[in-house]
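The values are calculated or read from the model by the stated rules, or taken from the named source; none is laboratory data. Here the structure is a predicted model, which means the values were calculated and not measured. Cβ coordinates were reconstructed from backbone atoms using ideal geometry, including for glycine residues, and neighbour counts include every protein chain displayed. With ligands, DNA and RNA removed, areas are computed over all heavy atoms of the protein, side chains included. Shrake-Rupley method; radii C 1.70, N 1.55, O 1.52, S 1.80 Å.
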Amino acid sequence: MRGWVVALALWPGVAGAEEWRALSGAEIRSALSARVLQYEDAVAQDFFADGRTLYGESWGRWRVEGDAYCSIWPPSDRWDCLAVEARGIDVRFLGDGEPVVGKYADLQ
């Protein structure tokens with residue numbers, strides 16, 4: 001039994017399961033496409049595979065540029081981009097302000 005515990009601790013990703021991990025562009029696309037995140041304010045955000053996104057009742061667009069999540073929300077015509085990190089079922093968006101954390105709604 002002890003051998004299994006040591007092997008599990010050394011398995012990639014398990015030992016650091018509680019640490020935030022920066023996501024690459026491909027990982028961001030995979031983490032968000034066709035998924036729903038639930039935020040602390042109880043509002044959900046749907047990320048559609050075709051680039052549409054719905055936050056509460058507000059429609060916007062999303063895409064990946066390099067290793068960043070980018071979104072645009074009308075009436076603005078400016079894309080804002082954020083770094084993305086993951087930890088378990090949590091996804092964290094990092095920009096100039098406070099980090100925003102969401103949980104996968106289907107995994108809670």
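Using the Cβ atoms and a cut-off under 15 Å, what net charge is assigned to the surroundings of Ala105, where Lys and Arg are +1 and Asp and Glu are -1?
-3
Starting from the 7 Å offset along Cα-to-Cβ, what nm value, one decimal, do you get for the label separation of Lys103 and Ala83?
Spacing of the two 7 Å Cα→Cβ label points: 2.5 nm.
Lys and Arg at +1, Asp and Glu at -1: add these up for the other residues within a Cβ distance under 14 Å of Gln38 and post the number. Kindly include the intermediate steps, with their values, before the conclusion.
Values: positive: Arg35, Arg92, Lys103; negative: Glu40, Asp41, Asp46, Asp90, Asp106.
Counting the neighbours of Gln38, the net charge comes to -2.
Just to confirm, what accessible area per residue do you get for the stretch 43-108 at 1.4 Å probe, in whole Å²?
Result: 59 Å² of accessible area for each residue.
Evaluate the relative contact order of the stretch 60-108 (contact order divided by residue number), counting alpha-carbon pairs under 8 angstrom at least 6 apart; express in whole percent. Provide the component values of the computation, followed by the final result.
Details: 71 pairs, mean separation 10.6, N = 49.
Relative contact order here is 22 percent.
For the stretch 23-92, rounded, prolate or oblate, judged on the Cα gyration tensor with a ≥ b ≥ c (square roots of eigenvalues), a/c < 1.5 rounded, else prolate if a/b > b/c?
Details: a/c = 1.65, a/b = 1.11, b/c = 1.48.
Taking the square roots of the gyration eigenvalues as a ≥ b ≥ c, the stretch 23-92 is oblate.
For Gly51, what is the net charge nearby, where nearby means another residue's Cβ is under 9 Å from its Cβ and Lys, Arg count +1, Asp, Glu -1?
Numbers: positive: Arg52, Arg61, Arg63; negative: Asp50.
Taking every Cβ under 9 Å from that of Gly51, the sum is +2.
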